[in-house]
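Q: Mind having a look at this structure? Questions to follow.
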Amino acid sequence: MKGRNIYILCIVGFLLIVIVSQLMRPKPFSWVNTYGAHDKNPFGSYVSDSLLRQALPAGYSVKNLSWHQIKTDSAARRSNLLFTQSAFTLIEDCIDDLLEMVDSGMNVCIAANSFHYHLMDTLGFSVDWQSYSETSLRRMIQEKSVVDTIQWQKGGSFGKRNFIVNSGLLYSTTFAFDNNDKDPWKKEAILVGDEYGADDYYVVVDSVDKKSIDIEHEKAMHETDMQKACIMSHRYGRGKIVLVSYPLLFTNYGMLHGENAQLVLRTLSLLDTSRPTIRITDTVERINEDGVVVETETPLSYFIMNKPLQWALYLALALILLYMILHLRRRQRAIPVIKDPENRQLEFAQLIGTLYFQKGDHADLLKKKYNYFAEHLRRELFVDIDNPEDDSDNFQRIAQMTAIGENEIRGYITAIRKLVKEEQPVDTNILHMYVEKMNQIIQATH
């Protein structure tokens, strides 16, 4: 027993050393753009959601709602909806439902790199998408000197202002829409480009009609035949749609870098500021250090989410398996000799019979024996001697199966049945005679 305790203490001590060493090790960042509400990595949304909860006076929340819940939830329909994801690719039916809700008065902000063709075709815009790799994106993020300028044009309650943004956050997409006077949609976003050069910055414009663009912008527009922007606000029916091409600005790193938080708040101010804002997520994720999404919140998922605890769990399982293998062989010990239980049924039957006999109630003894005799014949020969109407057939079958005369069987069974049914007194000699005759018939049927 003492040796086993030392063995267990060694295992526990080794596990504690491994856990402490893993907890003290620096945790690497995951650069996967998850936009997860519980993800504290650079491209999660844990910090950004916390800041927006404090900054938006009407309220801000993150909910995991299905599209059916969005359509049927009255609170969601009275709120501003914010979508932040890499690809906004709802099916056409859902896009039609979204546009219908916006037409009835809902305000929606969509921050994504790519959009479904049906949405672009309906609203009359396209995206100028640039390919990228995660390695180049991470390099641009870490090199703080690589920056671009987002210029917010004068319009609404805000004046013209330049925002310096790390180029890694603006890696992918700008918007463009055809310069067509027959376009039925009134666009509230204008082209990218002025005296600084279109390659040096992105321009953001709110609530500006295309006819109000100055002459220089008109010339640039006719030269390119396209208008480009990274934010577009579009009045659709009684509601409003805001499209943003830099979803990474809504992440932890995006909100904490420079003055990006003010840029994000300006973007959300394009919506109805008197309404609460709900950010819709596909799943409210939890991300571990390797970028693995853990969607449940069970105790086991907490171990999987933290790499040190994950390794500790794996090590504990391995040690348990090793312990089971080492102790797989059964330990030898003395096997006691167990005697077979004695069969005392005969003694019990003799005891019960003696008690009945000493009591002197021979009629009751004969009745119990007759009941057993009748049940035995019913089970073995399929005859019912309690039914007098079938006596002829029953006695004939018993005689055939036992080789005893039919008349003899008729006499004994009829007499016994009469004594039992009429409850007549029975002396010892009659009891012995009829019991022996019934035993003789029973023995003959085996």
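Q: In what sequence, highest mean first, do 30-37, 120-127 appear when ranked by Cβ atoms within 10 angstrom?
A: Details: 30-37: 21.5, 120-127: 16.4.
Peptide ranking by packing, descending: 30-37, 120-127.
Q: To continue, here is another question. Which value in nm describes the separation of the simple spin-label points at residue 256 and residue 104, placed 7 Å from the Cα toward the beta carbon?
A: 4.1
Q: Enumerate the amide H contacts of residue 62 below 5 Å, restricted to partners 5 or more residues apart or on another chain; note that Pro and chain-start residues carry no placed amide H.
A: Amide H neighbours of residue 62, under 5 Å, 5+ apart: 279.
Q: Output wanted: per-residue J couplings in Hz (rounded whole) for the range 28-43, from phi through Karplus 6.51 cos²θ - 1.76 cosθ + 1.60, θ = phi - 60°, x for Gly and Pro.
A: So the J values, rounded to whole Hz, are x, 7, 10, 9, 7, 7, 9, 6, x, 5, 10, 8, 8, 6, x, 9.
Q: What residues qualify as long-range amide H neighbours of residue 236, i.e. H under 5 Å apart, gap of 5 or more or another chain, H built at 1.01 Å from N?
A: Counting only residues 5 or more places away or on other chains, the set is 241.
Q: Tell me which trypsin sites (Lys or Arg not before Pro) from the range 337-373 have a DSSP coil assignment and no more than 14 other beta carbons within 10 Å of their own.
A: Details: sites: 339, 344, 359, 367, 368, 369; in loops: 339, 344.
Qualifying residues, ordered by number: 339, 344.
Q: Let me ask something additional. To the nearest 10 square angstrom, how much accessible area does residue 6 have with a 1.4 angstrom probe?
A: 90
Q: Could you tell me which of rounded, prolate or oblate describes the range 42-101, using a ≥ b ≥ c as the square roots of the eigenvalues of the alpha-carbon gyration tensor, with rounded for a/c under 1.5 and, failing that, prolate when a/b is larger than b/c and oblate otherwise? Before the final figure, lay out each step's value.
A: On the way: a/c = 2.58, a/b = 1.44, b/c = 1.79.
Judged from the Cα gyration tensor, the range 42-101 comes out oblate (a/c at least 1.5, b/c at or above a/b).
Q: Here's another thing I want to ask about it. Could you rank 372, 236 by how accessible they are, 1.4 Å probe, largest area first?
A: 372, 236
Q: Quick one: Karplus J couplings for the range 427-436, per residue in order, coefficients 6.51, -1.76, 1.60, θ = phi - 60°, nearest Hz, x for Gly and Pro?
A: Per-residue couplings from phi come out as 8, 5, 5, 4, 4, 4, 5, 6, 5, 5 Hz.
Q: Would you kindly find the accessible area of residue 110, with a 1.4 Å probe and non-protein molecules such as ligands, DNA and RNA excluded, rounding to the nearest 10 Å²?
A: Using a 1.4 Å probe on the heavy atoms, I get roughly 0 Å².
Q: Which far-off residues, 5 or more places away or on another chain, put their amide H under 5 Å from the one on residue 163, with H placed in the peptide plane?
A: 150, 151, 152
Q: Taking all protein chains together and a probe of 1.4 Å, list 432, 68 from the most accessible to the least accessible. Could the numbers behind the result be given before it?
A: Values: 432 95, 68 120 Å².
Listed by decreasing accessible area, they come as 68, 432.
Q: How big is the accessible area of residue 414 in square angstrom, nearest 10, if you roll a 1.4 angstrom probe over the protein chains?
A: Near enough 60 Å² of accessible area.
Q: Here is a follow-up. At a 1.4 Å probe radius, which order do 303, 115, 14 fall into by accessible area, largest first? Intermediate values should be presented prior to the final figure.
A: On the way: 303 80, 115 15, 14 105 Å².
Putting 303, 115, 14 in descending order of accessible area: 14, 303, 115.
Q: Please work out the Cα center distance from the range 97-112 to the range 371-430, rounded to the nearest Å.
A: With the range 97-112 and the range 371-430 each reduced to a Cα centre, they are spaced 94 Å.
The values are calculated or read from the model by the stated rules, or taken from the named source; none is laboratory data. As the structure is a computational prediction, the values presented were derived from the model and not from experiment. Positions of Cβ are generated from backbone atoms using ideal geometry, with glycine treated the same way; all protein chains shown enter the neighbour counts. For accessibility, only protein heavy atoms count, side chains too; no ligands or nucleic acids. Shrake-Rupley method; radii C 1.70, N 1.55, O 1.52, S 1.80 Å.
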